[in-house]
Amino acid sequence: MGELVGKSSQHIHVLQRERGTANIFLCSDGQYYGDSLGERADQVGLAERRLANK
């Protein structure tokens with residue numbers, strides 16, 4: 001159970017990080033963090049796979 005909670009927490013963390021990066025990118029009219037969007041999406045995908053593999 002503790003492992004599932006940890007993986008869920010990590011997943012939420014990377015989702016929030018991706019959301020923040022996307023918001024800064026959009027609010028800056030694409031001037032900031034454009035190069036980080038793909039990396040953030042990859043991190044979300046990895047966290048999702050880890051969560052699915054319980």
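Bear in mind that the values in this text are calculations on the coordinates, not laboratory data. Computed from a predicted structure; not experimentally measured. Note: ideal-geometry Cβ built from the backbone for every residue, glycine included; neighbour counts use all protein chains shown.
Values computed for the structure shown
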quantity	calculated
Pair list, Cβ under 8 Å, 6 or more apart: the range 39-54 residue in contact (Cβ under 8 Å) with a residue 40 or more places away in the chain and assigned to a loop (DSSP other than H, G, I, E, B), other residue exposed (fewer than 12 other Cβ atoms within 10 Å of the Cβ) and not aliphatic (A, V, I, L, M)	Lys54/Glu3
Enumeration of residues in the range 18-54 that are hydrophobic (A, V, I, L, M, F, W, C) and either farther than 22 Å from Gly6 by Cβ or surrounded by 11 or more Cβ atoms within 10 Å (Cβ to Cβ) (or both)	Ala22, Ile24, Phe25, Leu26, Cys27, Leu37, Ala41, Val44, Leu46, Ala47, Leu51
Within the range 1-17, tally of residues that are among the aliphatic types (A, V, I, L, M), surrounded by fewer than 13 Cβ atoms within 10 Å (Cβ to Cβ) and part of a helix (DSSP H, G or I)	3
